[in-house]
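Presented below is the structure to which this report refers.
The values are calculated or read from the model by the stated rules, or taken from the named source; none is laboratory data. Since the model is a prediction, treat every value here as computed from it, not as a measurement. Cβ atoms come from the backbone with ideal geometry, glycine included; neighbour counts cover every protein chain shown. The area values use the complete protein model at the heavy-atom level, side chains included, leaving out ligands, DNA and RNA. Shrake-Rupley method; radii C 1.70, N 1.55, O 1.52, S 1.80 Å.
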Amino acid sequence: MRHHLTPTRAALTAAGLLLAAAPTAYATLATPDSAAHTRGKPYIETRLFFGTARPDGGPAVTDRQFMAFVDKEVTPDFPDGLTVQNGRGQWRDAHGTMEKERSYELILLYPQTQADKSDRSIEEIRRAYEKTFGQESVGRVDERAQVDF
């Protein structure tokens with residue numbers, strides 16, 4: 001019995017060969033030698049999420065108030081730099097109500113060797129914001145990162 005190599009059959013055969021070879025190709029990318037060529041140094045990236053609506057119904061936190069808070073409470077402990085981004089967030093409050101509000105995301109990068117000291121500072125920042133602006137909480141996300149400046 002003779003098989004004709006039609007364009008469809010040729011394409012399927014090529015695709016099968018590529019799929020069979022893909023695991024080998026990907027495995028060669030993740031060799032132990034490639035880890036030695038990673039750029040940067042081990043850092044921690046912390047993102048904090050600050051809401052602006054006040055639970056007591058008072059006026060929302062303004063840009064000026066937030067930046068004054070950053071200058072007073074954040075910059076002294078993180079003088080090498082930080083990033084502030086504007087956002088829109090939503091979350092379910094302690095009473096089960098869905099809150100939608102303007103928010104700020106603060107991004108901090110610090111060497112992994114300073115993680116303990118930075119953790120204490122970050123927790124103080126969170127508590128200060130909650131107290132100053134009557135917030136239920138300030139969200140926090142920590143991730144390991146390789147950083148190169």
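Do we have any residue at all in the stretch 85-105 that's among the charged types (D, E, K, R) and either open to solvent by less than 30 Å² (accessible area, probe 1.4 Å) or in contact with a helix residue (DSSP H, G or I) (Cβ under 6 Å, 6 or more places away or on another chain) (or both)? Within the stretch 85-105, one or more residues are among the charged types (D, E, K, R) and either open to solvent by less than 30 Å² (accessible area, probe 1.4 Å) or in contact with a helix residue (DSSP H, G or I) (Cβ under 6 Å, 6 or more places away or on another chain) (or both). Selection over the stretch 124-149 of residues that are open to solvent by 30 Å² or more (accessible area, probe 1.4 Å) and either at pLDDT below 95 or outside any strand (DSSP E or B) (or both) gives a count of 11.
Taking every residue in the stretch 70-86 that is under 11 Å from Leu106 (Cα atoms) and pairing it with any residue that is of a type outside the set (Val, Ile, Thr) and part of a helix (DSSP H, G or I), at least 6 positions away or on another chain, the pairs with Cβ-Cβ distances below 8 Å are Val84/Phe66; Val84/Met67. Name the single residue that is least open to solvent (accessible area, probe 1.4 Å) among those in the stretch 36-54 being modelled with pLDDT of 95 or more and aliphatic (A, V, I, L, M). The qualifying residue least open to solvent (accessible area, probe 1.4 Å) is Leu48.
Restricting attention to the stretch 106-116, the residues that are open to solvent by 20 Å² or more (accessible area, probe 1.4 Å) and not β-branched (Val, Ile, Thr) add up to 6. With respect to the stated conditions, Phe66 fails to be in contact with a strand residue (DSSP E or B) (Cβ under 6 Å, 6 or more places away or on another chain) and within 27 Å of Gly40 (Cβ to Cβ). Entry remark, the stretch 71-116: residues being over 19 Å from the mean Cα position of the chain (by Cα) and either on the phi > 0 side of the Ramachandran plot or among the hydrophobic types (A, V, I, L, M, F, W, C) (or both) number 3 in total.
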